[in-house]
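Enquirer: Submitted below is the structure of interest, expressed as C-alpha cells.
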Amino acid sequence: MSETFDQLPGGPETVPAPPPAKHGWLNFAIDFGPLLVFFITYKFTSGGEGAFAATAGAIKGTLAFMVAIVIAMAVSKWKLGRISPMLWMSGILVLGFGALTVWFHDERFIVMKPTIIYAGFAALLLGGWFFKKPMLKYLLQSALEGVTEKGWLALSRNWGLFFAALGIANHVMYELIQAGEMSFDLWLTIKVWGVTALSFLFTLTQLPVMMKNGLAVSESDAK
C-alpha cells in the first residue's frame, strides 16, 4: 500500500498502500521498480508473432522481476533499515510463482499471483478489523505518525475492502484470459498502469480519514 504499501506494486507486482511520510521516493521505487522492470523486459523481449514469442517474453520478464525484487529487498534493508512484512510476503510469492512460471513456461502463474496476494491482505486486514486489531498499523510499522487506534481500524477496514475488490477483479481477468477473451498484454498493462493509478486515487480518498483521526502534518506540508 506493490501494488503505497512497501510492496504490497501487485501481478508480477508488489502491492499498493498508503505511502509512508519519510523516504517517499525510495518507497515508491522499492514498491513499483520491480514491476516496471518486468513490464519493460517483457515489452522488449516479446516481439514477434505467436504465443511462443509472448511466453518467451513473459519468462524473461519473470526472471528480471525475480532479480529486481531481491534487489528491492536488499535496498530496503540497507537504506530503510528494515524489510516490511508486506515486502517479505510479496518477495516470497514473486520468487515462488516466478519459479513455477519459468519451470512450466506458463505465464498463468504470473496472473494468478496478484489474486493470492490481494486475498491474503484482504483476509488479514478485515480479520484484524473484525477482532479490533489494526493490522495495517503493524504492516506499515507505524508509518503514519499520529493516527489514532480508531483511525488505524478504519484504514484497515477500507484497505481490506479495496484489496478484496482488486482480488476479485484480477480473478475475473484471469478467467477471461483462460477463455481467450483477454490477452496477457492487456492484463499486464492494466496491472502496471491501471492498478497503480487506482491505488494512488484510493490513497487520496483515505486522506480525510487519516486527517480526521490525528495524522500529523508538518508545517512544511501544511503550507
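The values are calculated or read from the model by the stated rules, or taken from the named source; none is laboratory data. The structure displayed is predicted, hence computed values, not measured ones. FYI the Cβ positions are ideal-geometry reconstructions off the backbone, even for glycines, and counts take in every protein chain you see.
Enquirer: Check segment 176-186 and report whether any residue there is touching a Phe, Trp or Tyr at 6+ places or on another chain (Cβ under 8 Å) and of a type in the set (S, T, N, Q).
Expert: The answer is no; no qualifying residue exists.
Enquirer: The conditions are (1) surrounded by fewer than 15 Cβ atoms within 10 Å (Cβ to Cβ); (2) modelled with pLDDT of 85 or more, and residue 52 fails exactly one of them. Which is it?
Expert: Of the numbered conditions (1) surrounded by fewer than 15 Cβ atoms within 10 Å (Cβ to Cβ); (2) modelled with pLDDT of 85 or more, the odd one out for residue 52 is (2).
Enquirer: Search segment 136-151 for residues that are more than 14 Å from residue 213 (Cβ to Cβ) and pair each with any residue that is assigned to a loop (DSSP other than H, G, I, E, B) and at pLDDT below 85 when their beta-carbon atoms are under 6 Å apart and the residues are at least 6 apart or on different chains.
Expert: From residues that are more than 14 Å from residue 213 (Cβ to Cβ), the pairs are 143/20.
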